[in-house]
Amino acid sequence: MANESVHERLQRDYSAGFVTEIESDTLPPGLDADVVRFISNRKGEPEWLTAWRLQAYEHWLTMPQPEWAHVRFPPVDFQGISYYSAPRSQGDGPKSLEEVDPELLRTYEKLGIPLHEQEMLAGVVRENVAVDAVFDSVSIATTFKDKLADAGVVFCPISEAVHSHPEIVRKYLGSVVPQKDNFYAALNSAVFSDGSFVYIPEGVRCPMELSTYFRINAQNTGQFERTLIVADRGSYVSYLEGCTAPMRDENQLHAAVVELVALDDAEIKYSTVQNWYPGDAEGRGGIYNFVTKRGTCHNRAKISWTQVETGSAVTWKYPSVVLRGDDSVGEFYSVALTNNRQQADTGTKMIHMGKRSRSTIVSKGISAGRSENSYRGLVRVSPTAAGARNYTQCDSLLIGGACGAHTFPYIENKNATATVEHEATTSKVSDEQLFLCAQRGIDAEKAVSMIVNGFCKEVFRELPMEFAVEAGKLLEVSLEGAVG
Amino acid sequence: MSDMANTAAHPLLEIDDLHAEVDGKAILKGLSLTVRAGSVHAIMGPNGSGKSTLANVLAGKPGYEVTGGSVRFDGQDLLAMEPEERAHAGLFLAFQYPVEIPGVSNMEFLKTAMEAAAKARQETPLTTAEFMKKLRGTASELDLAADFLKRGVNEGFSGGEKKRNEILQMKLLAPKFALLDETDSGLDIDALAVVGNGVNAFVDEDRTRAVLMITHYQRLLNHIVPDVVHVLADGRIVESGDKQLALTLEERGYAWLKRA
Amino acid sequence: MAEARLIPQHTEQALRALRDAPMSVPAAREHWKYSKLELARGAITDAPNADAVEIAGVPGALHAMLADSGFCPLTCDLLLREPRIQVLQLTESGRHELKVASAATPTVIQVASGISAEVIDRDQGASAWIICIIEDNATLNYHRLRSTQEVQEWSKLQFVQHRDSEVTLTSFVSAAAFRRHDVSVDLLGANAEFRFDGAAVASARQHIDLQSHVRHQAPHTRSKQRWHTIGQDRATLTYRGRIYIAEQCNGVDAGLTNRNLALGAGVTINTKPELEIYSDDVCCAHGATVGQLDEETLFFLRARGIDERTARRMLAEGFLRETLSGPLADEAAHVLTGSVA
């Protein structure tokens, strides 16, 4: 039967699941104040930052793990994780591409990330995208630095920014996601390893897409990157983030923090294609993706989150916008796909404080296999947010009868001039639809991918072109095994 | 000229002693029927006689189990084929209740279907420009507005629009054999004429094609004149004749058959 | 009244299910996120002995509610043998005016198979706990009106529906200092249907909290809920509407609409419509809005010569009237629109 052959084809492997054999320096598992100091020390951080980390660590010790999400997993052994792993051969990150382990460069090539500027200039792939690549805990290469510098744009590892732009880092680090914000954010604040830093000066439109690729390679390591993007008055930046990890039987923790600051009239567009290893069909292994992402919008500023989430065993993630300024705009466009035994609890928070602040939420959840997929979203309108508006649309698509699709919206309104609208629907890929497609000559796998792509269209539209194509393909691969 | 006399033409569909059941209940009980190239056949019959089951079995809908007999389509064993293979072989079912596929535009759907067909036939698919040209031309023949192509497949279409959309698909996919399942149901007079013209043109353009219409009412037959009319009752063909048979049925009702 | 007697086994199962699936547990923060517990505390005295705890002057109310929440072993037998429990067995079609004897223990209304009953539940003084068991193919139209202002109320209304049963609930509520209504519905039998239309108006510093919880536990069950509220002054309106669809419940059709009008600068509106779905072949939708009167419509009315105050009132009434139906509709319209300033 064709169904079986579909099924067989569907067993195709996670294509980013290879392990790179490189030498690395990895701290033994365990976490205490000394580990925090070691990390800070290793990076030659100023005293204030070491103290800041330790403060976070002390507070983290007193915090319980959040349990309210609609996900279940065995308790994480935080002492069983290594909090630092860096490719060997460089003391403190490579100074140029020549210093990078060629094996590592080949890894990025396999992942389709063009590190070589000349290749990109030749227009082979992703023309006009500057890339920062973070391998385990260390940023290994940032491209196009010169061209960006001409525009005054700073795009570098955050560990470097601590030294090169200390005043900006100190001013904004933790200003959006405080050290004590939540359990995982506190952990990240204590042990964050590296991540990207972006600063767009006043009035500058960043001349190219900025992009960071994250990769977890080493075993038993957690990845705790920290990203800080500051868009000064009237500036604009579009930032892309991609993630992969090798296949490993044990679970790996990824607890990142992303902070966005959009000053008056600035705009930040942040897109994520998250494809961390989801575990195998039985739910063994995979990444725990417990991420805190938040942005603050000042007057007339705009922050737009677009995410395509297909990976990770467990996802706990709510990219949010604090609409502090008057006439500020927050957007959240999300596709979250779960298959096999994946679990996702994801959504957003739109906190309206400024007058006439507006937010739009479009969430598309796709559940297949035996997975659990939840949307959790908060729209809060403060008494100050006169004339605030929110529109939320939240759709679930179920493929097969063994999965779960859930919607948990919270609307809290304290301003009588605000307008909030929330709509949610649930649908399935029906046998009738598949039969219609088959009768018109389209096989089941193609039909499902066509229907799913149609379902996600409103979100894909928000992605930069090349990412949209990638996202579509990713869904196709992730859905393998879902039909037949 | 009756098709029954024209035994020289190529037999496109040969159904021999077909038995089929749904949910363990026998519906088709030894149905035999041959449709030759260039001809239009109609199957009529009371509700529950097995008309729609026949259409679904021929198209390979899951849930319909063939328990006996054989079907050859253009010389091949139809029953051994997957639904999409049957489509690629040139079998087209116009659905009684066309299903909606929200989010997938009509245009995208048709393009995917045509590409799949071209691939199966090892032909080069049309370029996007060629496809668009063909699509627009065909749509305007059927009086379909341009926005119709951008909307989700059948999404929010009226009954008439859905049926016209079926004919649009038929014209573009250019099958050898069209199977129309109650295509007249839910159509107003104007839509009926459009659909009727579409089907007539389908056979007139190419005499290697054939049509099998399944209908409860005689009214579609005013627009598409069949060469042969069959009457289906209790899972078998109980009577065959020319178009006169349809008129007799209309006049005297199906009860007349049981007495006959 | 409630002698020990044989009860259908599925009823016992249902009651056990009710016990095991708590609807409102004071301990669960989520369920009390938006209920002003400090207001409720005025009514619930913290005490180790639940029996001694009073809600709005009702001894033992908390105990009863806790019992339902699975804190206390409560068997069906116990429930029916318990002499304090009022059991109404409706075996003939017709209308019944409900008089709750004691809010400390539940009043069980059992609608016999094939019966079409109507229950009128006007102000019961204070809190009430009512469990309705609707047997196969029975119909219950339950109409509730709450108009007294000077109370603190926490009432529970539970429906256990068997196959082919139908329940229509209308609930019209003029808020009070503290009013919390928990409505829980278990659709246990195939083809059971639950419909709910309700409206509330809250003014001054009033607080009203509706928690509806519909569990679809059989295939081809249907639910449709509409809850419209108007908040004025510094009132708080809270709604949590959960729709749960268990595994292997294909053909379920569930819909929920919650619309809120905020007509005062200090109004707080919290709403949390939830879907929890474990079957794929279902049709499920919910919607919630918070807004004001439509300015364009207002303008239209004024352009036709209607003064602004009257125009606002007309629109607010229209908004409420969308959900007003059943025998109490006129009375409710009078009570509710009368309180719209």
Identify the single condition in (1) of a type in the set (G, A, S); (2) at pLDDT below 85; (3) within 22 Å of B:E82 (Cβ to Cβ) that A:S449 does not satisfy, given that it satisfies every other one.
(2)
Residues that are crowded, with 24+ Cβ neighbours inside 10 Å and of a type in the set (K, R), drawn from the stretch A:323-374:
A:K364
Is the stretch A:409-417 home to any residue that is touching an Asp or Glu at 6+ places or on another chain (Cβ under 9 Å) and either open to solvent by 10 Å² or more (accessible area, probe 1.4 Å) or farther than 23 Å from A:G286 by Cα (or both)?
yes
Looking at the stretch A:430-444, which of its residues are open to solvent by less than 10 Å² (accessible area, probe 1.4 Å) and either among the aromatic types (F, W, Y) or more than 7 Å from chain B (Cβ to nearest Cβ) (or both)?
A:F435, A:C437
Only one of C:S127, C:S113 is surrounded by fewer than 23 Cβ atoms within 10 Å (Cβ to Cβ), small (G, A, S) and part of a loop (DSSP other than H, G, I, E, B), namely C:S113
The stretch B:89-99, residues that are more than 7 Å from chain A (Cβ to nearest Cβ) and under 18 Å from B:D74 (Cβ atoms):
B:A89, B:G90, B:L91, B:F92
Any chance C:A316 is modelled with pLDDT under 90, within 14 Å of chain A (Cβ to nearest Cβ), open to solvent by less than 10 Å² (accessible area, probe 1.4 Å) and within 17 Å of C:A202 (Cβ to Cβ)
yes
So, in the stretch B:107-122, exactly how many residues are within 11 Å of chain A (Cβ to nearest Cβ) and touching a helix residue (DSSP H, G or I) at 6+ places or on another chain (Cβ under 8 Å)?
11
Name, by its number, the condition in (1) open to solvent by less than 10 Å² (accessible area, probe 1.4 Å); (2) over 30 Å from A:I351 (Cβ atoms); (3) among the aliphatic types (A, V, I, L, M); (4) in a loop (DSSP other than H, G, I, E, B) that does not hold for A:A447.
(4)
Give the number of residues within the stretch A:349-385 that are among the β-branched types (V, I, T), in contact (Cβ under 8 Å) with a residue 40 or more places away in the chain and within 12 Å of chain C (Cβ to nearest Cβ).
2
Kindly indicate whether B:P102 is assigned to a loop (DSSP other than H, G, I, E, B) and either within 14 Å of another protein chain (Cβ to nearest Cβ) or open to solvent by 70 Å² or more (accessible area, probe 1.4 Å) (or both).
no
Please verify whether C:V151 is touching a Gly at 6+ places or on another chain (Cβ under 9 Å), β-branched (V, I, T) and at pLDDT below 95, treating the condition exactly as stated.
yes
For C:C249, work out the one condition from (1) outside any strand (DSSP E or B); (2) touching a Lys or Arg at 6+ places or on another chain (Cβ under 7 Å); (3) buried (at least 22 other Cβ atoms within 10 Å of the Cβ) it doesn't fulfil.
(2)
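For the stretch B:201-213, enumerate the residues that are within 18 Å of B:I43 (Cβ to Cβ) and either open to solvent by 10 Å² or more (accessible area, probe 1.4 Å) or of a type in the set (F, W, Y) (or both). Spell out how you get there, then give the answer.
Step one: filter the stretch B:201-213 for residues within 18 Å of B:I43 (Cβ to Cβ), giving B:202-203, B:209-213.
If the condition is that a residue be within 18 Å of B:I43 (Cβ to Cβ) and either open to solvent by 10 Å² or more (accessible area, probe 1.4 Å) or of a type in the set (F, W, Y) (or both), then B:F202, B:R209 are the ones that fit.
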Can you pull out every residue in the stretch A:27-42 that is in contact (Cβ under 8 Å) with a residue 60 or more places away in the chain and assigned to a helix (DSSP H, G or I)?
A:V35, A:V36, A:I39
Can you give me the number of residues within the stretch C:287-309 that are open to solvent by less than 10 Å² (accessible area, probe 1.4 Å) and over 14 Å from A:V381 (Cβ atoms)?
1
In the stretch C:252-294, the residues that are at pLDDT 90 or above and more than 7 Å from chain A (Cβ to nearest Cβ)
C:V252, C:D253, C:A254, C:G255, C:L256, C:T257, C:N258, C:R259, C:N260, C:L261, C:G266
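Check every one of the strands (runs of 3 or more DSSP E) wholly within the stretch B:1-86 and list those with 2 or more residues that are open to solvent by 20 Å² or more (accessible area, probe 1.4 Å), within 26 Å of B:G253 (Cβ to Cβ) and at pLDDT 90 or above.
Working: elements: B:11-22, B:25-36, B:40-44, B:64-73.
Output list reads B:25-36.
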Members of the stretch B:145-158 that are open to solvent by less than 70 Å² (accessible area, probe 1.4 Å) and assigned to a helix (DSSP H, G or I):
B:F148, B:L149
What's the total number of residues in the stretch A:169-201 that are of a type in the set (S, T, Y), in a loop (DSSP other than H, G, I, E, B) and under 16 Å from A:I229 (Cβ atoms)?
1
Looking at the structure I just gave you, is A:T425 open to solvent by 10 Å² or more (accessible area, probe 1.4 Å), under 30 Å from C:A262 (Cβ atoms), away from chain B (no Cβ under 11 Å) and β-branched (V, I, T)?
no
Quickly run through the stretch B:123-144 and pick out the residues that are open to solvent by 60 Å² or more (accessible area, probe 1.4 Å) and either of a type in the set (G, A, S) or within 14 Å of chain A (Cβ to nearest Cβ) (or both).
B:E123, B:P125, B:A129, B:S140
Might you let me know whether the stretch C:229-243 holds any residue that is surrounded by fewer than 24 Cβ atoms within 10 Å (Cβ to Cβ), more than 19 Å from the chain's Cα centre (by Cα), more than 14 Å from every other protein chain (Cβ to nearest Cβ) and of a type in the set (D, E, K, R)?
no
Subset tally (residues that are more than 7 Å from chain B (Cβ to nearest Cβ) and closer than 13 Å to A:A471 by Cα) for the stretch A:445-457:
4
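The values are calculated or read from the model by the stated rules, or taken from the named source; none is laboratory data. All values reported here derive from a predicted model rather than from experimental measurement. Here Cβ is always computed from backbone atoms with ideal geometry, including for glycine, and neighbour counts include all displayed protein chains. SASA here: full protein model, heavy atoms, side chains in, ligands and nucleic acids out. Shrake-Rupley method; radii C 1.70, N 1.55, O 1.52, S 1.80 Å.
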